[in-house]
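Remarks on the structure that follows.
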Amino acid sequence: MSNEIRVWDPLVRIFHWGLVLAFTVAYLSGDEESSLHIYSGYVVLGLITFRVLWGLIGTRYARFSDFVYSPVTVIQYLKDLVAKKPKHYIGHNPAGGAMVIAMLLCLIVVSVSGLKVYAIEEGLGPLAGESPALTVVSPAYADDDEHGKNKNGHGEDEEAEDFWEEIHEVSSNLMLLLVFLHIAGVIVSARLHDERLVKAMFTGKKTSKTDT
């Protein structure tokens, strides 16, 4: 026997689909360096900030304590998944929980690196008041280059900008990879447990079975 149980609260569902939309817009507009890219990036940062807070004080299945498992448990779940006999979980399963954490951490890197680039290029944003946090340049070059630029000159800004742009691009592409893995995991889990997981993220209801 199985029955439907409300799992995902409205805020989790709004966060999920809002993040899908905001990240898609931010990723697709990345090459343009437009205001659309900047504002969608701010939306992503606001959403992940909310999710971290909600993971601490939110409803039962939204809390990290409900779906963050030890690496041993995650690995065992993946082994069971390969054997096509995974344990059913009402909320996120161990692999799904690990993916949530990985995506949040990746998005934090994407957001912070994007803010650093924005601060260096335009002198705007919450990090604009900071000096470059990392200079990828040799000590000799930093002291005095052939154009007479010292370590406080534009040479340092250019090096820092290149560094943060690289971090931003790599982390954004890594996030896209995680998205594809997440979708694949949803498809596999839905088939093995005979659940409509995408629908559940709209309605908030999942199928409850005898095991937890």
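Mind checking which residues of region 55-82 are among the β-branched types (Val, Ile, Thr) and out of contact with any Pro (no Cβ under 8 Å at 6 or more places or on another chain)?
Initial filter on region 55-82 (among the β-branched types (Val, Ile, Thr)): 57, 59, 68, 72-75, 82.
Selection gives Ile57, Thr59, Val68, Val72, Ile75, Val82.
Residues that are without any contact (Cβ under 8 Å) to a residue 60 or more places away in the chain and hydrophobic (A, V, I, L, M, F, W, C) do not occur anywhere in region 84-97. Of the residues making up region 31-49, those that are more than 16 Å from Gly125 (Cβ to Cβ) and modelled with pLDDT under 95 are Asp31, Glu32.
Any residue at all in region 54-75 that's closer than 20 Å to Leu181 by Cβ and among the basic types (Lys, Arg)? No: zero hits.
Look at region 166-197 and say how many of its residues are open to solvent by less than 60 Å² (accessible area, probe 1.4 Å), under 19 Å from Gly41 (Cβ atoms) and not aliphatic (A, V, I, L, M).
Let us first name the residues in region 166-197 that are open to solvent by less than 60 Å² (accessible area, probe 1.4 Å), namely 167-168, 171-172, 175-176, 178-179, 184-186, 189-190, 193, 195, 197.
Among the residues that remain, those that are also under 19 Å from Gly41 (Cβ atoms) are: 167-168, 171-172, 175-176, 178-179.
Now narrow it down to the ones that are not aliphatic (A, V, I, L, M): 168, 171-172.
Total satisfying the criteria: 3.
Taking Arg13, is it open to solvent by 80 Å² or more (accessible area, probe 1.4 Å) and of a type in the set (Lys, Arg)? So Arg13 fails the test. Of all residues in region 1-10, those being crowded, with 19+ Cβ neighbours inside 10 Å and among the aliphatic types (A, V, I, L, M) number 1.
Scanning for something in contact with a His (Cβ under 9 Å, 6 or more places away or on another chain) and within 21 Å of Met201 (Cβ to Cβ), does region 4-17 turn up at least one residue? Spell out how you get there, then give the answer.
First, pick out the residues of region 4-17 that are in contact with a His (Cβ under 9 Å, 6 or more places away or on another chain): 8.
Remaining after also requiring within 21 Å of Met201 (Cβ to Cβ): 8.
Yes - at least one qualifying residue is present in region 4-17.
Condition check for Trp8 on (1) over 16 Å from the mean Cα position of the chain (by Cα); (2) in a helix (DSSP H, G or I); (3) among the aromatic types (Phe, Trp, Tyr): one failure, at (2). Inside region 198-212, can you point out the residues that are surrounded by 14 or more Cβ atoms within 10 Å (Cβ to Cβ) and of a type in the set (A, V, I, L, M, F, W, C)? Answer for region 198-212, where residues must be surrounded by 14 or more Cβ atoms within 10 Å (Cβ to Cβ) and of a type in the set (A, V, I, L, M, F, W, C): Ala200, Met201. Pairs meeting the criteria (first residue in region 17-37 and under 19 Å from Phe50 (Cα atoms), second residue of a type in the set (Val, Ile, Thr) and open to solvent by less than 80 Å² (accessible area, probe 1.4 Å), beta carbons under 7 Å, at least 6 apart or on different chains) are Leu19/Val44; Ala22/Val43; Ala22/Val44; Phe23/Val44; Ala26/Val44.
Enumerate the helices (runs of 4 or more DSSP H) found wholly within region 23-133, keeping only those where 3 or more residues are more than 21 Å from Thr207 (Cα to Cα) and either among the aromatic types (Phe, Trp, Tyr) or open to solvent by 80 Å² or more (accessible area, probe 1.4 Å) (or both). Quick ask: steps written out before the conclusion?
Working: elements: 35-57, 64-67, 71-82, 94-122.
Helices (runs of 4 or more DSSP H) meeting the threshold: 35-57, 71-82, 94-122.
Per the conditions (1) farther than 30 Å from Arg13 by Cβ; (2) modelled with pLDDT of 90 or more, the sole criterion not satisfied by His168 is (1).
The values are calculated or read from the model by the stated rules, or taken from the named source; none is laboratory data. The model shown is predicted, which means the values in this text are computed figures rather than measured ones. No Cβ is skipped: glycine too gets one built from the backbone with ideal geometry, and neighbour counts run over all protein chains shown. Ligands, DNA and RNA are excluded from the accessible area calculation, which covers all protein heavy atoms including side chains. Shrake-Rupley method; radii C 1.70, N 1.55, O 1.52, S 1.80 Å.
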